[in-house]
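See below for the structure under consideration.
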């Protein structure tokens, strides 16, 4: 992690929606179950093309995006997600822990970069910063 993320403003009248994008189905399933239990409306897909198509109709607040995926990789997926309106916050998740790669992802619009393996409590803290609880 390079810098502490800037928290999002609290939401009013909307669901906290999370889109998980990882080519490993087990990772998708684990994160989907974890965040659904925490009160998020969650969708998970295994590829970049699917992620962009779903994001257009699901309108997630936050996207957890793997970097290395077959087909459309995380970098191209990130570029397309950042072109959407409303623009979701994108947290990159990857086992790649190279400064140049991290800086590149952040310069392309990633809101944060998290190295795998990830601690679920820390990941939840970060997701909550970017998608705070809904005000009544």
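Read-outs: derived from the displayed coordinates by stated rules, not from any lab. Everything numeric in this text was worked out from a predicted model, so none of it was measured. Backbone-built Cβ (ideal geometry, glycine too); neighbour counts: all protein chains shown.
From Cα pairs below 8 angstrom and at least 6 apart in sequence, can you work out the relative contact order of segment 15-127, rounded to a whole percent?
Once divided by the residue count of segment 15-127, the mean separation gives 23 percent.
Going by C-beta contacts inside 10 Å, put 80, 85, 43 in order with the fewest on the left.
Least crowded to most crowded, the residues run 85, 80, 43.
Just rank 76, 122, fewest to most, by other beta-carbon atoms within 10 angstrom.
The most exposed by this proxy come first: 122, 76.
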